[in-house]
Amino acid sequence: MIIQPLTALSDTSAVLCTLLVFMVPMACAGLALVNTGLGRSRSSAHAMLSSLCVLSIASIVYVVLGFSVQGMSGSPAHALVMGGKVWNWIAAEPVFLRGLRFDFSPASLTLLLQIFSVGLAALIPLSSGADRWRLGGACVSTVLLAGWTYPLFAHWVWGGGWLAQLGVNYGLGSGFVDGGGSGTIQVVGGLTALSITWILRPRSGKYSRGGPAAAIPAHNIVLVLLGCLFAWLGWLGLNCAGAILFSNVDPSRVILIAVNTTLSAATSGLMATAVTRIRFRRPDASLVANGWMAGLVASSAGAAFMKPAAGILVGAVAGILVPFAIDVLETRLGVDDAGGAVSVHSIAGLWGLCSVAALSDLGTQSGSHGQWLAQLVGVATLLGFVLPLTYGLNWLVNTVYRQRVDVEGEWRGMDLHELGSGAYPEFVVHSDDFIQS
């Protein structure tokens, strides 16, 4: 099966796709709540304001520049000829959306979906940089993500770029497949989150000399769990609309996609519950929430091409992987990822990409070896190109504009230090004073 560029939608399909796209901001709202609840109470207002600013900047930068870099399949692009094959590398669209018709056309619906999707990707690093990432630093990093890193990789996958051409040019299954953005949205955002944790370094008091990593619990687990429910609704729209617009899936498959998305999240959350119950003798609510989110992330790539039993298996693996990945990154590798964003979005996202070849109908129809190779080329591109790119860009920004707040500001809390007032002024929010290292 070779995925073809999307043709004009019928009136019914266009209306359905529009409604699905309108659901996607719920995923952004859910992720903002999760990020806020997992951080410290004295930085919660800062976390929500950062989310709002990041979403605003991402949408503006994407409209001004990002869409011209990404384009869409069949639109003008710059290509190279290598080995007698034409490889599409970057779109050649005009900036400021010049010439784009704003109607029910696939191009306009793609634009709207991508405005929300790039905002979702930009929210992910806020979790890893919680309690210490300056608002200005987050805004500048978002400009780089929305203007270059995200649209460039999205063009390779969804804009008719060279990863999508692997099937046509080399017969590797259907080419690199990522229907709802497990790699393009989630892994790109997760690798940016990893870069931010390396650049900012751990929170003060997180690691002491010769001792274990200090536990800094979520300040409001109710917000986190509520965010999971909002994210579920948003992911239904994201996976369904993405499959229709980027993989040319028949709109009648939205029921299957919704079922697989729900089963993956549900199974992943339950597996995380079981894993934490066995390890800690009681379920850990924050890790269960991370497991739920990981199931949503893993489902995105292949929800349109899997049977429900496969959707359950995708979620089960994600729910087992993520709690252990969070533990390894925090205790073994010294990665202070406050909200588990690297594990939830990068690890689960990579598993979602691999599940397309391992468990979906595409792997069976077009030959598992070819689809495996296509998916692995995409994974290698994410780890070998996108990660160094996003780290290098943010490192350059940090040399000019220091992105981390000073120790005194971190102790006071980001709310007081950068905003001048707290989210909970009637409560004491300094009960978790730094452990002296």
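The values are calculated or read from the model by the stated rules, or taken from the named source; none is laboratory data. Source: prediction; values computed, not measured. Positions of Cβ are backbone-derived with ideal geometry, glycine not excepted, and every protein chain shown enters the neighbour counts. Heads up: the accessible areas ignore ligands, DNA and RNA and are worked out on the full protein's heavy atoms, side chains in. Shrake-Rupley method; radii C 1.70, N 1.55, O 1.52, S 1.80 Å.
Look through Ala27, Ala47 and report the one residue that is part of a helix (DSSP H, G or I) and over 23 Å from Leu112 (Cβ atoms). Explain how you work it out, then say what you get.
Numbers: Ala27 fails: over 23 Å from Leu112 (Cβ atoms).
It is Ala47.
Would you point out the residue of region 66-94, among those that are hydrophobic (A, V, I, L, M, F, W, C) and under 25 Å from the mean Cα position of the chain (by Cα), that is most open to solvent (accessible area, probe 1.4 Å)?
That would be Trp89.
Tally time: how many residues in region 220-250 are touching a Leu at 6+ places or on another chain (Cβ under 8 Å), open to solvent by 10 Å² or more (accessible area, probe 1.4 Å) and under 26 Å from Ser44 (Cα atoms)?
4
Residue under question is Leu172, and the condition is that it be open to solvent by 10 Å² or more (accessible area, probe 1.4 Å) and under 19 Å from Cys28 (Cβ atoms); does it hold? Spell out how you get there, then give the answer.
Details: open to solvent by 10 Å² or more (accessible area, probe 1.4 Å): yes; under 19 Å from Cys28 (Cβ atoms): no.
For Leu172, the condition - open to solvent by 10 Å² or more (accessible area, probe 1.4 Å) and under 19 Å from Cys28 (Cβ atoms) - is not met.
Among the residues of region 195-209, is there at least one that is closer than 30 Å to Gly234 by Cβ and without any contact (Cβ under 8 Å) to a residue 60 or more places away in the chain?
The answer is no; no qualifying residue exists.
Condition check: at pLDDT below 95, under 30 Å from Ser360 (Cα atoms) and crowded, with 21+ Cβ neighbours inside 10 Å. Does Gly183 satisfy that?
Here the answer is no, as Gly183 does not meet what is asked.
For region 186-212, how many residues meet the condition of being surrounded by fewer than 16 Cβ atoms within 10 Å (Cβ to Cβ), within 12 Å of Val335 (Cβ to Cβ) and touching a helix residue (DSSP H, G or I) at 6+ places or on another chain (Cβ under 9 Å)?
1
Condition test on Cys53, is it more than 17 Å from the chain's Cα centre (by Cα), assigned to a helix (DSSP H, G or I), surrounded by fewer than 22 Cβ atoms within 10 Å (Cβ to Cβ) and not β-branched (Val, Ile, Thr)?
When the stated conditions are applied, Cys53 passes them.
In region 403-422, what count of residues is obtained for those that are assigned to a loop (DSSP other than H, G, I, E, B) and loosely packed, with under 14 Cβ neighbours inside 10 Å?
Qualifying residue count, region 403-422: 3.
List the pairs whose first member sits in region 241-258 and is over 19 Å from Ile185 (Cβ atoms), whose second member is among the small types (Gly, Ala, Ser) and open to solvent by 10 Å² or more (accessible area, probe 1.4 Å), and whose Cβ atoms are under 6 Å apart, counting only residues at least 6 apart or on separate chains?
Listed pairs, sorted by first residue: Pro251/Ser13.
Among the residues of region 373-386, which ones are open to solvent by 30 Å² or more (accessible area, probe 1.4 Å) and of a type in the set (A, V, I, L, M, F, W, C)?
Within region 373-386, the first condition is being open to solvent by 30 Å² or more (accessible area, probe 1.4 Å), and the residues that meet it are 373, 376-377, 380, 383-385.
Scanning region 373-386 gives Leu373, Leu376, Val377, Ala380, Leu383, Phe385.
Might you check whether a residue that is assigned to a loop (DSSP other than H, G, I, E, B), small (Gly, Ala, Ser), touching a Phe, Trp or Tyr at 6+ places or on another chain (Cβ under 6 Å) and closer than 18 Å to Asp327 by Cβ occurs anywhere in region 190-206?
Looking only at region 190-206, we keep the residues that are assigned to a loop (DSSP other than H, G, I, E, B), and these are 201-206.
Then drop every residue that is not small (Gly, Ala, Ser), which leaves 204-205.
Applying the additional criterion that residues be touching a Phe, Trp or Tyr at 6+ places or on another chain (Cβ under 6 Å) yields 204-205.
Still in the list and also closer than 18 Å to Asp327 by Cβ: none.
No, the conditions are met nowhere in region 190-206.
Met48 is checked against (1) farther than 30 Å from Gly413 by Cα; (2) open to solvent by 20 Å² or more (accessible area, probe 1.4 Å); (3) modelled with pLDDT of 95 or more and fails just one. What number does that condition carry?
Every listed condition holds for Met48 apart from (1).
Can you tell me which residue among Trp162, Trp156 is open to solvent by 10 Å² or more (accessible area, probe 1.4 Å), part of a helix (DSSP H, G or I) and out of contact with any His (no Cβ under 8 Å at 6 or more places or on another chain)?
Trp156
What is the one condition in (1) assigned to a helix (DSSP H, G or I); (2) in contact with a Ser or Thr (Cβ under 8 Å, 6 or more places away or on another chain); (3) surrounded by fewer than 24 Cβ atoms within 10 Å (Cβ to Cβ) that Gly136 does not satisfy?
The one condition Gly136 does not meet is (2).
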